[in-house]
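Trainee: My questions will all concern the structure given below.
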Amino acid sequence: MNWPAVQAIFMHEMMRFFRTLTQSIASPVISTTLYFVVFGAAIGGRIQSVEGISYGAFIVPGLMMLTVLQQSVANASFGIYFPKFAGTIYEILVSPTAWLEVALGYVGAAALKAILVALLILATSFFFVDMTIAHPVWMIAFLVMTAVAFSLLGFIIGLWAKNFEQLQIIPMMVITPLVFLGGAFYSASMLPPFWEQVAKLNPVLYLVSGFRWAFFDVADVPIGVSLVAVAIMIGVLMAAIRWIFLTGWRLRE
């Protein structure tokens, strides 16, 4: 493993994050505050509790998942797309750096940035709601696994995209709707039986459910199923990235 190469890519991506630190921090904090005002105050006034949990606290895991998915995909996709756009990706391709090392550098940085922002949102939420995290270790584990999984997805999107418009299509048209329909702000058990089964076809539901279990010890699907779903996603995406680098698909165009 060429660790200096991994470190170089990782530090380059993290420096880009710290150069826009104010924007990176202010935006999620303001968004989280607005979500709490709209969902926590307005809807929370009508829905006092969900499965014995105050509605304001119930939406915290969903807000964190929404941010993690958006930030992971955006950071990873832009991180690898810009070298393609600028033509500097050829320097990476001709260097003695394996596909795994390139992926570790970009994906590791994207995942860490998403985790930092998610933890900032968690800290912000304590100003609005009173809650206790039931399984803090599992909460961190789910957070890391989800950030890695969707950073891998974002990495693939960045390799696939041919322009900035394509770079935004999947996050805006696919991922964000899946999060809203995946139980981020409600429990699947609140739905009629037919729609509850339909909701379980949404892969994001398993991520949100597992993450919410780590907070409140309640879940829409068994915790083991959530873990397997994330693990399978990581394995499939890693295999896809390996195939892309071995075949050169969208890399040498």
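Trainee: Thinking of the stretch 120-193 as a set of Cα atoms, what percent of all their pairs are more than 14 Å apart?
Mentor: Working: 2062 of 2701 pairs.
Result: 76 percent of Cα pairs exceed 14 Å.
Trainee: Let me ask something else about it. Would you please put 133-141, 207-215 in order of how densely packed they are, using the mean number of other Cβ atoms within 10 angstrom per residue and starting with the highest? Show your work: numbers first, answer last.
Mentor: Values: 133-141: 14.4, 207-215: 26.1.
Per-residue Cβ counts within 10 Å, averaged per peptide and sorted highest first, yield 207-215, 133-141.
Trainee: Give the cross-link partners of LYS84 among the lysines, using a straight C-alpha distance below 27 Å as the criterion and excluding same-chain residues fewer than 8 apart.
Mentor: Within the straight-line cut-off, LYS84 pairs with LYS113, LYS162.
Trainee: What is the extension gain from ALA8 to GLU196, computed as 0.36 nm multiplied by their sequence separation minus the C-alpha to C-alpha distance, in nm to one decimal?
Mentor: Details: separation 188, 0.36 × 188 = 67.68 nm, distance 4.60 nm.
Result for the pair: 63.1 nm of gain on full extension.
Trainee: Work from the charge dipole of the chain (Cβ charges, +1 for Lys and Arg, -1 for Asp and Glu, about the Cα centre) and give the residue of THR88, THR20, LEU112 farthest towards its positive end.
Mentor: Going by the Cα projections, it comes out as THR88.
Since every read-out is calculated from the coordinates, none of them should be taken as a lab result. Owing to the predicted nature of the structure, the values given are computational and were not obtained by experimental measurement. Please note: Cβ atoms are built from the backbone with ideal geometry, for glycine as well, and neighbour counts cover all protein chains shown.
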